[in-house]
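A short worksheet on the structure shown next.
Just so you know, all these numbers are worked out from the coordinates, no wet-lab data involved. From a predicted model like this one, the values you see are computed outputs, not experimental measurements. Here the Cβ is made from the backbone with ideal geometry for all residues, glycine too, and neighbour counts use every protein chain on show.
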């Protein structure tokens, strides 16, 4: 069989959707690793042969088939012999919309009716071998979120298969790095809420993010939360955060800011006294289990602890406002302070009927920060002994905040 090269996967799918193609992957049929190395390709794959093109740097993988040999993500054997066809390679893929190829003449290779599913806006698994890889649960949820605005939905049979996989314990084998990789991609996309809804519908959310899953069914006071359910509120806050900005730190903080509500004593419900502090240990535990970037974790911690202060800023004493600004490290990290304000605004709007409400609290706290930041810290330091500098600066900040609030 002569060597043939096909454009595969996401690039072909996005072409069919009329979307811009950001990167291209290629599949090579009828070749061995030595054939590609002799042409100047550089091998980079460990589990199976993947090569970088000597000029474009794009990835070329030998066509392969897979056979399940053990539980979990890594339990596979691969066949990359020259006899593997492009149809064989496409047959191992997760969804029909990803099981597409285009040959050198531009002809579409579509053995599983992926083009038809694109027209039908359907996310459908290629075959029952889908159930062999638990990462596919995450990927389907990610694609559901990525293409929600195009009208895509998960096929009922595929959703059922995802549930069966979770019930069989396959999701328990998901490794933390891959869970975060797919979650991070979903958080970066246009509709991250859909990702978590899809995981919950399959039962996988309680496996990969139990801290979030346990919020569902927890009641909140109807006066402040017409949506009642704490889990629903968290997804609504995430949705509002996605409308406000594309920043993944803000979106992650929005998702996890209320984790402590799941640990409220039954006698205290539907109120949640002290949930802010209880959220902190849960966020830290989640960030230790998954490779959550420090920037995401740290913003989530301050949003969890201080979002209620931001909501009630008009009621706070001047000295308390300065306390909060200092604990937020707002004077040294103004960019993160702005992220904090966005997450608080998302929290205020992430309630039924509140989605379009103004959030003047952000402006009030920002104005206080601006006033406190404008003091002459260097001049104050020059006029005080070293032991008294910190208190003198703090007092000046409180005076500045008091003056700014009195003149509004």
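Expressed in nm to one decimal, what extension gain is obtained for the pair residue 381 and residue 168 from 0.36 nm per residue of sequence separation less their Cα-Cα distance?
Once the chain is fully extended between residue 381 and residue 168, it gains 70.2 nm.
On alpha-carbon atoms, Rg over Rh for the chain using Kirkwood Rh?
Result: Rg/Rh = 1.08.
Using Cα pairs under 8 angstrom and six or more residues apart, how large is the relative contact order of segment 111-179, in percent?
For segment 111-179, the relative contact order is 40 percent.
Counting DSSP beta bridges with both partners in segment 4-157, what percentage is antiparallel, nearest 5?
Of those bridges, close to 75 percent are antiparallel.
How tilted is helix 360-373 with respect to the longest principal axis of the chain? Cα atoms for both, answer in degrees (0 to 90, nearest 10).
70
Provide, in order from the shortest bin, the percent of all Cα-Cα pairs of segment 1-120 in each 10 Å bin, continuing until the bin that contains the maximum pair distance.
The percentages, shortest bin first, are 14, 43, 34, 9, 0.
So for the chain: antiparallel DSSP bridges make up what percent, rounded to the nearest 5?
Numbers: 20 of 26 bridges.
The antiparallel proportion sits near 75 percent.
For the Cα atoms of the chain, what angle does the longest principal axis make with the long axis of helix 156-167, in degrees from 0 to 90, nearest 10?
70
Can you compute the helix-only [θ] at 222 nm over the chain? Use -39500 (n - 2.57) per DSSP H run of at least 4 residues, normalise by all residues, nearest 500 deg cm²/dmol.
Roughly -15000 deg cm²/dmol at 222 nm, from the helical runs in the chain.
Taking the chain as the reference, fit the longest principal axis to its C-alpha atoms, fit the long axis of helix 176-188 to the helix C-alpha atoms, and give the angle between the two in degrees, 0 to 90, nearest 10.
70
Rank by packing, highest mean first: peptides 122-135, 358-371, with packing defined as the count of other Cβ atoms within 10 Å averaged across residues.
The packing order, highest mean first, is 122-135, 358-371.
P(r) tail for segment 93-213, what percent of Cα pairs lie past 26 Å?
Distances greater than 26 Å cover 19 percent of the Cα pairs.
Run a plain Debye calculation on segment 154-206 (Cα atoms as equal point scatterers, no solvent) and give log10 I(q)/I(0) at q = 0.20 Å⁻¹, rounded to two decimals, same order as the q list.
For segment 154-206, the Cα-only Debye profile gives -0.75.
Given contacts defined as C-alpha pairs under 8 Å and at least six residues apart, what's the relative contact order of the chain, whole-number percent? Please report the intermediate quantities before stating the final value.
On the way: 669 pairs, mean separation 39.2, N = 408.
Reported as a whole number, the value is 10 percent.
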